[in-house]
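The block underneath contains the structure these notes are about, expressed in structure tokens.
Taken together, the values in this text are just the output of simple stated rules run on the coordinates, not laboratory data. Computed from a predicted structure; not experimentally measured.
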Amino acid sequence: MSVNNRLEQLIKALYKGNKSAFASAIGVAPSVIENIVGKRQGKPSFDVVEKISSIAEINIEWLVTGTGDMFKQNKKPRCITAPIKSISTNKSSKPSSLALEETSQRTSDAIPLVSEMAVGGFANEHFSIQEADVLAYYIIPKFRNLGVDFMIELTGDSMIPRLFPGDIIACSIIRNASFIQWNKPHLIATREQGLIVKRLRKSLNDDCLLAVSDNADYDPFDLPKDEILALARVVGVIHLE
């Protein structure tokens with residue numbers, strides 16, 4: 001089986017064969033994907049492969065060489081089916097790959113898990129999380145150098161298959177718009193829609209940003225810049241099986 005066939009299988013698995021939706025999700029023109037899986041059967045460039053690797057738990061070795069399984073650990077990312085507090089670091093239990101530890105103390109290493117209501121004001125330059133708004137603190141070594149300001153539980157299905165309802169996302173507040181990383185998931189505080197999670201891309205309209213969902217059922221839309229109150233980059237995610 002060629003890399004072209006494997007990519008076609010991947011598109012079927014993630015987007016039910018919708019090549020345009022897949023192209024939109026990774027930030028390339030539909031013609032790029034059509035050239036790979038269509039009649040031309042061209043080989044994907046390194047740039048395309050790199051973009052594909054960013055949208056799901058895809059085993060790139062499988063895509064390129066056919067070795068192993070389509071998804072890392074032989075499974076797609078799945079939604080959290082239990083509260084985050086159910087993760088245990090007890091030595092007698094199976095350890096979490098994130099080495100996540102709950103703590104009752106606020107330390108420099110502890111990341112607060114908060115409610116949507118509690119972070120609704122992160123647009124304010126004087127924003128700070130109050131102790132009463134913290135659901136729990138967690139120490140996650142892999143997040144230590146990512147500048148995480150808070151974690152929040154995700155709602156909605158617009159970012160499937162990258163993010164699922166119930167996932168815990170780790171967010172780093174962007175205080176300068178020049179630090180936006182294009183095509184990366186962001187938590188966006190908006191005037192009318194509240195908090196939303198979308199990939200951000202440049203829009204053809206200079207007064208807007210393009211908000212893109214990973215779920216093919218949701219169309220990209222222009223988000224006026226004056227509608228955006230604040231941005232936080234999604235720098236990590238916790239899935240539970």
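Here are the numbers for this structure:
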quantity: Cross-link pairs beyond the 25 Å C-alpha cut-off, checked among Lys39/Lys198; Lys72/Lys142; Lys43/Lys202; Lys72/Lys202; Lys198/Lys225; calculated: Lys39/Lys198; Lys43/Lys202; Lys72/Lys202
quantity: Stokes-Einstein diffusion coefficient of segment 106-241, Kirkwood radius over Cα pairs, 25 °C, 0.890 mPa s, in µm²/s; calculated: 160 µm²/s
quantity: Karplus (6.51, -1.76, 1.60) ³J(HN,Hα), θ = phi - 60°, over segment 221-226, in Hz, Gly and Pro reported as x; calculated: 8, 6, 10, x, 4, 6
quantity: For His186, distant residues with modelled amide H under 5 Å away; calculated: Lys198, Arg199, Leu200, Val234
